[in-house]
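Notes follow once the structure below has been shown.
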Amino acid sequence: MYKHIFNSVLLAVTAASSFAQNAPTIIPIETRQNVLVLQTDKDNHLEITYFGKKLSQPAEYKLIPSQSRQRDGNAGIYNSAYTPAGTWNVSEPALQLTHGDGNKSLDLVYVSHNMAKENDNVSLTSIVLKDPVYAVEVTLFYKTYFQENVVEQWSVIKSEEKKPVTLQKYASANLYFIAKDYYLTHYNGTWAKEMNPEEEQLTAGIRVLDSKLGTRANLYQPPSFSLSFDKPATETEGKVLLGTLAWSGNFKMEFEVDSYHNLRLIAGINPYSSEYPLASKQEFKTPSFIYTFSENGKGEASRNLHNWARKYRILDGEGTRMTLLNNWEATYFDFNESKLSELFKDGKKLGVDLFLLDDGWFANKYPRNGDGAGLGDWQENVKKLPNGIGYLVKEAQKTGIKFGIWVEPEMVNPKSELYEKHPDWVIKQPQRPEHYMRNQLPLDLSNPEVQDFVYGILDKLFTENPEIAYIKWDCNATTFNPYSAYLEKSKQSQGKLYVDYVKGLYKVLEKLRAKYPKVPMMLCSGGGGRVDYEALKYFTEFWPSDNTDPLERVFMQWEYSYFFPSIAQSAHVTDWGKQPLKFRTDVAMMGRLGYDIVVSHLDEKDLQFSQQAVVNYNAVKDVIFQGDLSRLVDPKKNDYAALMYAAKNKSKAILFSYLVGNRNGDGSDTPIRLEGLDAAKNYKVRELNLYPGTKSAIKEDQVYSGEYLMTAGFNPVVNARRTSVVLEIEAM
Ligand code: DGJ
């Protein structure tokens with residue numbers, strides 16, 4: 001056996017040198033401001049030689065490697081563009097596999113590359129790498145969005161070996177950065193405590209961000225991070241990369257400060273318990289790793305991502321969003337037709353576009369009157385809704401409001417007819433006790449029958465009620481006891497389960513969107529459990545957290561805003577927290593505004609305020625959704641927060657400011673320098689969302705130049721008497 005491996009290694013060296021060439025191949029992957037330079041070495045291995053600000057003379061890229069004095073035994077090992085395992089490279093691999101004959105060695109040499117322009121802005125560079133000994137090929141894809149400075153990177157692994165190859169680790173991206181120091185901001189959290197940032201300086205060794213939750217990526221750690229080079233970046237200064245993996249399941253990101261104090265990054269699906277067989281001539285496409293880089297701080301970097309996401313990723317990202325009234329916190333599971341009809345009227349009175357019926361409308365043998373039963377049985381509960389969903393849709397419409405509905409189609413309660421009929425559709429270990437999260441288990445989406453079932457739930461709802469105008473798609477359990485009866489029965493490896501679950505989900509969503517391309521859908525997961533740019537191809541928005549306490553949301557929405565534009569963030573006014581209704585409303589206005597309150601409990605002034613707030617929101621929401629976001633005052637470092645959205649044409653901006661401190665004198669004492677305006681234009685500032693009977697502290701007839709507002713600044717006068725302030729800044 002040793003002899004066999006030895007021969008393979010020898011062969012690999014010989015074959016690689018036969019690929020070798022004299023002049024290196026240099027492949028610059030360019031966006032408007034940045035470049036990633038790839039270059040072949042003398043053995044035709046592909047390396048990363050540079051990442052950062054683009055040079056004006058591309059001919060100079062070839063000079064870069066000669067400037068590094070790292071010619072010890074490790075040179076060319078750490079900066080591999082896609083590190084293979086088991087041959088000459090001894091560092092953490094991007095691709096690790098076992099060949100059909102049991103051999104574990106892999107080498108990858110450059111074969112060819114191609115650059116195709118999809119249009120003026122979008123280009124796709126593909127680079128083919130091959131193992132000189134085994135019939136394994138990898139194509140690295142770099143899709144660039146030129147104007148937005150965003151790169152979407154993935155790889156496709158293909159085997160032509162006779163026997164199946166087993167993939168052990170199959171990263172989406174392998175990058176290499178050279179800087180003085182590296183500062184990683186990552187996030188931790190749990191239910192109702194999502195998105196707590198921590199920034200740390202990376203030191204030698206590997207720092208791992210990962211998740212093993214199965215049905216979702218985030219609960220404890222999202223697949224998004226920011227990475228500053230040299231020193232921690234601020235909103236307006238410093239070199240920073242924002243990165244995120246577009247995958248709704250287990251992920252792993254490794255940040256390795258190597259022995260030259262350079263940084264390797266490997267990001268992709270988590271190899272944990274996911275050995276994936278690849279049959280001959282089959283391809284495995286990894287999810288996309290999406291990143292942007294800015295030399296001018298986190299503000300610019302996040303605007304890059306927002307511009308990209310709205311235009312190219314989020315479903316209807318350049319469109320608009322409806323306001324809604326949700327009944328979850330108003331009724332929980334306790335409702336019937338007449339109660340709902342009253343709520344439709346409440347929604348109408350409030351002035352929102354849509355009523356969203358939440359959990360509890362289905363199941364009969366085991367009625368869904370709590371979270372312990374009924375999930376999986378998607379027939380209307382005849383006691384609560386004797387006339388079915390169709391009746392509700394009509395009733396809502398009669399009241400002048402649209403109708404949307406909640407589903408959690410991937411899940412099952414053991415107390416359900418579905419579980420009784422199809423225990424083999426459920427993910428669980430047959431020989432072990434079941435372990436639940438919220439009394440439920442995920443269905444096995446690796447099974448095509450289950451995919452059809454899940455698709456069928458939505459298809460039936462839409463077929464019977466074509467006027468359903470909105471879907472909230474929930475997912476409240478992680479995967480415990482991962483085991484698939486389907487994979488067992490069809491003699492497939494259990495190692496596929498985690499990956500095929502997510503692929504199965506995407507198949508369902510793909511089919512659904514082919515038939516129902518437009519219906520807005522919220523991606524919800526008992527909190528911010530499922531926020532990623534692959535799922536957002538199919539969804540119009542996500543639910544950042546069950547925690548709607550507005551004070552918490554100021555912080556949470558701030559952090560999400562590094563990666564996702566406000567048009568994708570659902571934000572509801574609820575009874576969480578101790579803040580007044582105005583504060584709760586002002587915070588929810590920074591996203592897709594909804595209400596989850598008992599409207600009939602509002603007193604006259606609160607109702608009047610809310611009605612006007614909905615009108616105000618409708619008048620300015622386009623700026624909030626499509627404008628350029630500047631985070632001006634960080635609530636983590638100050639006793640108040642301030643953020644503003646400026647329309648691209650600089651004619652209008654909306655500024656939000658919230659008091660987050662509780663000490664005497666907390667608030668805005670000095671002006672804040674605004675951003676995103678036109679220095680040469682004149683503006684007037686008007687306060688929105690004034691509570692009835694209160695007066696604004698802002699002089700509405702004063703004219704300010706854009707230069708003044710951005711240089712001398714403006715004080716929104718947020719303090720203990722004015723705990724939240726919304727300002728409209730309009731060009732004259
Ligand atoms: C969890 C969601 O986050 C809530 O908004 C609500 O829809 C419940 N699930 C319903 O069970």
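FYI, it's all coordinate maths here, none of it is from the lab. Because the structure is a prediction, the values reported are computed rather than measured. Note: ideal-geometry Cβ built from the backbone for every residue, glycine included; neighbour counts use all protein chains shown.
Below is a table of values for the structure above.
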quantity: For segment 2-312, the spread of Cα positions along each principal axis, largest first, Å; calculated: 56, 48, 41
quantity: Degrees between helix 604-626 axis and first principal axis of the chain (Cα, 0 to 90, nearest 10); calculated: 30
quantity: Hydrodynamic radius by Kirkwood, which averages 1/r over all alpha carbon pairs of segment 523-678, in angstrom; calculated: 16.3
quantity: Cα-only Debye scattering, the chain: base-10 log of I(q)/I(0) at q = 0.08, 0.10, 0.11, 0.12 Å⁻¹; calculated: -0.68, -1.03, -1.20, -1.36
quantity: Neighbourhood charge, 9 Å Cβ-Cβ cut-off, centred on residue 459 and excluding it, Lys, Arg +1 and Asp, Glu -1; calculated: +3
quantity: Sequence ranges 279-288, 546-555, ranked by mean other-Cβ count within 10 angstrom, highest first; calculated: 546-555, 279-288
quantity: Only Lys, Arg (+1) and Asp, Glu (-1) charged, at Cβ; the chain dipole about Cα centre in debye; calculated: 540
quantity: Anchor residue 285: aspartates and glutamates whose Cα lies under 18 Å away (excluding residues fewer than 8 positions away in-chain); calculated: 131, 137, 152, 160, 161, 275, 500, 510, 532, 534
quantity: Length released on extending from residue 295 to residue 431, taking residue separation times 0.36 nm less the Cα-Cα span; calculated: 43.5 nm
quantity: Cα-based Kirkwood hydrodynamic radius, segment 485-603, one decimal, Å; calculated: 16.4
quantity: Mean separation of Cα contacts under 8 Å (6+ apart) over length of segment 331-488, as relative contact order %; calculated: 25
quantity: Euclidean distance between Cα centres, segment 181-218 to segment 625-680, Å; calculated: 27
quantity: Greater than 31 Å apart at Cα, pairs in 349/695; 402/428; 605/637; 239/511; calculated: 402/428; 605/637; 239/511
quantity: Reachable lysines from residue 383, criterion Cα separation under 16 angstrom, eight or more residues apart if same chain; calculated: 339, 365
quantity: Net charge over other residues, Cβ less than 14 angstrom from the Cβ of residue 341 (K, R count +1; D, E count -1); calculated: +3
quantity: Between 0 and 90°, nearest 10: helix 550-560 axis offset from the chain longest Cα axis; calculated: 30
quantity: When each of 650/684; 345/398; 345/460 is checked by Cα-Cα distance, pairs over 21 Å; calculated: 345/460
quantity: Cα-Cα separations in segment 89-141 greater than 19 Å, expressed as whole percent; calculated: 41
quantity: In degrees, nearest ten, helix 388-399 long axis to first principal axis of the chain (Cα); calculated: 60
quantity: Environment charge at residue 498 (Cβ cut-off 12 Å; Lys +1, Arg +1, Asp -1, Glu -1); calculated: +2
quantity: Under the Debye formula (equal points on every Cα, no solvent term), log10 I(q)/I(0) of segment 615-732 at q = 0.13 Å⁻¹; calculated: -0.46
quantity: P(r) tail fraction, segment 19-119 - alpha-carbon pairs more than 16 Å apart, %; calculated: 63
quantity: Relative contact order for the chain, counting Cα pairs under 8 Å that sit 6 or more residues apart, in percent; calculated: 9
quantity: Computed over segment 324-626, the ratio Rg/Rh where both radii use C-alpha atoms and Rh is Kirkwood; calculated: 0.97
